[in-house]
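Visitor: Structure below; questions to follow.
The values are calculated or read from the model by the stated rules, or taken from the named source; none is laboratory data. None of these values were measured; they are calculated from a predicted model. Quick reminder, even Gly has a Cβ in these numbers, built from the backbone with ideal geometry, and neighbours come from all protein chains shown. Accessible surface is based on the protein model in full, side chains and every heavy atom, while ligands, DNA and RNA are left aside. Shrake-Rupley method; radii C 1.70, N 1.55, O 1.52, S 1.80 Å.
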Amino acid sequence: MKTLLMLCAFLAGSATTATATAQASCPPYVKHDPGGDYTNSDDRAGLAVVEQYHFSRNVETLKQGMTGSLGGDISYTLEHFPNHHRALAAMAKLGLRDKRVQPVGARYTVSCYFERAIAYAPHDTTARMVFGNYLLATRQDAAALEQLQEAARREPQHATLQYNLGLLYVKRKDYAQAREHAAKAYALGFPLQGLKNQLKKAGQWQEPPAQAKDAEDSATAQ
């Protein structure tokens with residue numbers, strides 16, 4: 001979870017345009033052995049084998065590949081577990097860092113890996129969330145909103161999703177929606193204050209009704 005929260009902050013502050021030529025082909029994922037749904041405990045039985053040789057901490061943090069290029073090792077991981085959350089996040093960060101829609105060594109484009117993950121595991125809201133953040137960072141706001149809204153529809157009590165939707169609505173200057181999602185995110189215990197600070201800077205922050213009442217009661221008691 002900490003890694004994904006850091007990705008939210010990284011992508012929210014990014015605004016880059018990929019420059020490499022995209023590969024047109026994006027075939028659907030075909031289950032490997034080991035491999036399958038990253039969120040399925042039975043499928044994850046083979047996860048350690050893949051990670052041991054292709055997804056070390058150095059790969060995840062984009063320091064060094066294990067068998068060749070970073071893109072190749074992350075790609076291998078996603079070809080076995082298409083909705084591997086941390087590998088998707090790493091592929092997104094690699095594409096943004098290198099300003100390439102298809103990182104060196106990767107078989108497909110960054111967007112293709114997300115599309116394969118969502119097609120194979122449409123229930124996986126985390127994969128949708130990370131994709132939404134990547135789309136937002138690459139200035140594809142409408143597509144980002146679609147992914148984040150669908151993820152939030154499937155899992156409305158997901159604090160990070162609510163927070164990211166709030167950030168997107170601030171960017172679109174839809175402050176009423178931004179406040180609504182901010183209130184939900186903070187009520188669910190989301191720790192980062194960036195969304196609140198952005199709303200304050202825009203003069204659009206309002207304390208949620210319950211918090212405002214608590215503040216009023218506290219002042220009355222004094």
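Visitor: So with the 1.4 Å probe, I'd like the accessible area per residue for segment 21-163, rounded to whole Å².
Guide: That works out to 43 Å² for each residue.
Visitor: Carbon and sulfur together cover what percent of the accessible area of segment 65-222 at a 1.4 Å probe radius?
Guide: Looking at segment 65-222 in its full context, I get 48 percent from C and S.
Visitor: Moving on. Set the bar at 21 Å for Cα to Cα. Now go through LYS93/LYS201; LYS171/LYS196; LYS173/LYS201; LYS173/LYS200; LYS99/LYS201; LYS171/LYS201 and name every pair that lies beyond it.
Guide: Over 21 Å apart, Cα to Cα: LYS93/LYS201; LYS99/LYS201.
Visitor: Taking 25 Å as R0, compute the FRET efficiency from the Cβ-Cβ separation of CYS26 and ARG172 and round it to 0.05.
Guide: Once rounded, the FRET efficiency stands at 0.35.
Visitor: Please compute the net charge surrounding ASP141, taking Lys and Arg as +1 and Asp and Glu as -1 over other residues with Cβ under 9 Å from its Cβ.
Guide: +3
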